[in-house]
Amino acid sequence: MILLNSKLPSVGTSIFTVMSKLAQEHNAINLSQGFPDYPVPEKLINCVTEALKSGHNQYAPMSGIPALRALVSEKINQYYQANYDSETEITITAGGTQAIFTALAATINAGDEVIIFEPAYDCYSPAVKLLGGLVKPFELHGPDYEIDWDMVKKLFSANTKMIILNSPHNPTGSVLSKKDIDALIKLTKNTDILILSDEVYEHIIFDDIKHQSVALYPELRERSYIVASFGKLLHTTGWKIGYCLAPAKLMLEFRKVHQFNVFSVNTPMQVGIANYLKSENIYDELSIFFQQKRDLFRSLLSQTNFKLLPCKGSYFQCVSYAHFSDEKDKDMAKRLTIEHGVASIPVSAFYTKNTDDKILRFCFAKSQDTLEKAVERLMKV
Ligand code: GLN
């Protein structure tokens, strides 16, 4: 028998996989894993098909095709008034998760401490641990999940290497404010602390709130890796394509890792997406599109026994049931799937400790029909 000591002994199967599988087994409406259930724009499909047919089927350059990087650079300039050189500061990645892992692999050494706000998207912490880093979790709680930066400061040590941000936030739908940014600028001033800013929901932000990209702030930009996602932008989460932005010095290290674990991202998707983005202006419409879904879902849910938490961005709506049940959120999520036919994500899955605030996350990136049917079932809870 081979003896294999697990590098991640306490890690099981991701909650998204667990809940999606359970939903499938019980033929439940799947509002757990975050992905759209409506068709992708026809024109986008045509652009990718055309790229495949016209022979764009060999390796792309390691950092991504120039046309797509140039479009990203233009967009960042337009939305965040920041210059990212498409040659040296933008890399196309096989999705947001790969970009996050690569940024961590390029920077985290054994013993480095990484501050993570919890509830936190589930890929951050295992990646840090795998690299020998130490996770310093900072717990946030609903309804607003606000950050007390004076308390965050207490987590700082000589070994603090990085802070991971995520706004708009998965799973809570909260967003960072200008006040948060100001505090962060102050805290990191005259330090070598890096920032990994997961901004995959940057264009899904509601009620005219302005997305506080770290790209907007030179003091933060110089120390940041920013991660973005075409999957969220184009309603194509299964295409697994995104990008990373960072100043040249940071990006040089990122690419040293990227070239040996991915090398390059699939060519026809890159060509197709570039051609689509050239002809369509999709950025501003996205928030309007998802705000309609959020508003519909919230008004439907208000007829149920669940209490709605605020949702300022992302495609997730959190609800609390603490006022009517003591059941653990993982049990509640399971029971809703099996007995009521609606799958959700228990938010306790995103905390290191056994923190259970009795909150469930629902994905509303779904057709109106799906949302209506789901809430019809949730009314019986
Ligand atoms: N980002 C998706 C979510 O939050 C899940 C992606 C995945 O399954 N890894 O639901």
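Going by the conditions given, is residue 43 assigned to a loop (DSSP other than H, G, I, E, B) and among the charged types (D, E, K, R)? Against the criterion (assigned to a loop (DSSP other than H, G, I, E, B) and among the charged types (D, E, K, R)), residue 43 does not qualify.
Residue-level check: of (1) closer than 17 Å to residue 195 by Cβ; (2) touching a strand residue (DSSP E or B) at 6+ places or on another chain (Cβ under 8 Å), residue 182 misses just (2).
Taking segment 187-217 as the search range and keeping residues that are within 16 Å of the ligand (Cβ to nearest atom) and part of a loop (DSSP other than H, G, I, E, B), which one is nearest to residue 151 (Cα to Cα)? The extreme case among them is 199.
Of everything in segment 18-51 that's of a type in the set (S, T, N, Q) and away from the ligand (no atom under 16 Å from the Cβ), which residue is farthest from residue 317 (Cα to Cα)?
49
Of all the residues that make up segment 166-181, how many are at negative phi and part of a loop (DSSP other than H, G, I, E, B)? Give the derivation first.
Narrowing segment 166-181 to residues at negative phi: 166-172, 174-181.
Checking which are part of a loop (DSSP other than H, G, I, E, B) leaves us with 167-172, 174-177.
Here the count works out to 10.
Out of segment 228-244, which residues are part of a strand (DSSP E or B) and farther than 14 Å from residue 106 by Cα?
Start the filter on segment 228-244 by keeping residues that are part of a strand (DSSP E or B), which leaves 228-229, 242-244.
Hits for segment 228-244 are 228, 229, 242, 243.
Screening segment 94-121 for residues that are surrounded by fewer than 23 Cβ atoms within 10 Å (Cβ to Cβ) and assigned to a loop (DSSP other than H, G, I, E, B) and picking the one that is farthest from the ligand (Cβ to nearest atom) gives 111.
I'd like the residue in segment 356-381 that is part of a helix (DSSP H, G or I) and in contact with a helix residue (DSSP H, G or I) (Cβ under 6 Å, 6 or more places away or on another chain) and, out of all such residues, is surrounded by the fewest Cβ atoms within 10 Å (Cβ to Cβ).
First pass over segment 356-381, keeping only residues part of a helix (DSSP H, G or I): 368-378.
With the extra rule that they be in contact with a helix residue (DSSP H, G or I) (Cβ under 6 Å, 6 or more places away or on another chain), the set shrinks to 371, 375, 377.
Values: 371: 23, 375: 22, 377: 16.
Looking at the filtered set, the residue picked out is 377.
Out of all the residues in segment 72-85, is one or more among the basic types (Lys, Arg) and in contact with a strand residue (DSSP E or B) (Cβ under 8 Å, 6 or more places away or on another chain)?
Within segment 72-85, the first condition is being among the basic types (Lys, Arg), and the residues that meet it are 75.
Within this subset, residues satisfying the condition of being in contact with a strand residue (DSSP E or B) (Cβ under 8 Å, 6 or more places away or on another chain) are none.
Looking through segment 72-85, none of the residues is among the basic types (Lys, Arg) and in contact with a strand residue (DSSP E or B) (Cβ under 8 Å, 6 or more places away or on another chain).
Please verify whether residue 63 is within 16 Å of the ligand (Cβ to nearest atom), part of a loop (DSSP other than H, G, I, E, B), in contact (Cβ under 8 Å) with a residue 60 or more places away in the chain and buried (at least 22 other Cβ atoms within 10 Å of the Cβ), treating the condition exactly as stated.
On the way: within 16 Å of the ligand (Cβ to nearest atom): no; part of a loop (DSSP other than H, G, I, E, B): yes; in contact (Cβ under 8 Å) with a residue 60 or more places away in the chain: yes; buried (at least 22 other Cβ atoms within 10 Å of the Cβ): yes.
Judged against the criteria, residue 63 is not a match.
Screening residue 54 against (1) under 21 Å from the mean Cα position of the chain (by Cα); (2) more than 16 Å from the ligand (Cβ to nearest atom); (3) within 19 Å of residue 277 (Cβ to Cβ); (4) among the hydroxyl-bearing types (Ser, Thr, Tyr) leaves a single unmet condition, (1).
Inspect all residues belonging to segment 76-93 and state whether any of them is buried (at least 18 other Cβ atoms within 10 Å of the Cβ), within 16 Å of the ligand (Cβ to nearest atom), aromatic (Phe, Trp, Tyr) and not in a loop (DSSP other than H, G, I, E, B). No, the conditions are met nowhere in segment 76-93. Counting only residues that are loosely packed, with under 12 Cβ neighbours inside 10 Å and closer than 16 Å to residue 122 by Cα, segment 1-54 holds 5 of them.
When 376, 327, 280 are checked against the criterion of being without any contact (Cβ under 8 Å) to a residue 12 or more places away in the chain and more than 16 Å from the ligand (Cβ to nearest atom), 376 stands alone in meeting it. If the condition is being on the phi > 0 side of the Ramachandran plot and small (Gly, Ala, Ser), then segment 122-165 contributes only 132.
Of the residues making up segment 271-302, those that are assigned to a loop (DSSP other than H, G, I, E, B) and under 22 Å from residue 80 (Cα atoms) are 280, 281, 282. Could you please let me know if residue 353 is more than 24 Å from residue 30 (Cβ to Cβ) and in a loop (DSSP other than H, G, I, E, B)? In short, yes. Within segment 139-161, being surrounded by fewer than 17 Cβ atoms within 10 Å (Cβ to Cβ) and outside any helix (DSSP H, G or I) holds for 139, 141, 143, 144, 146, 148, 154, 155, 156, 157, 158, 159.
Listed by first and then second residue, the pairs with beta-carbon distance under 6 Å, at least 6 apart or on different chains, first residue in segment 13-28 and closer than 24 Å to residue 376 by Cβ and free of Cβ contacts under 8 Å to residues at least 24 places away in the same chain, second assigned to a helix (DSSP H, G or I) and within 14 Å of the ligand (Cβ to nearest atom), form an empty list.
Computed from the coordinates by the stated procedures, all read-outs in this text should not be read as laboratory data. Computed from a predicted model, the values in this text were never measured in an experiment. We place every Cβ from the backbone using ideal geometry, glycine too, and count neighbours over all the protein chains shown.
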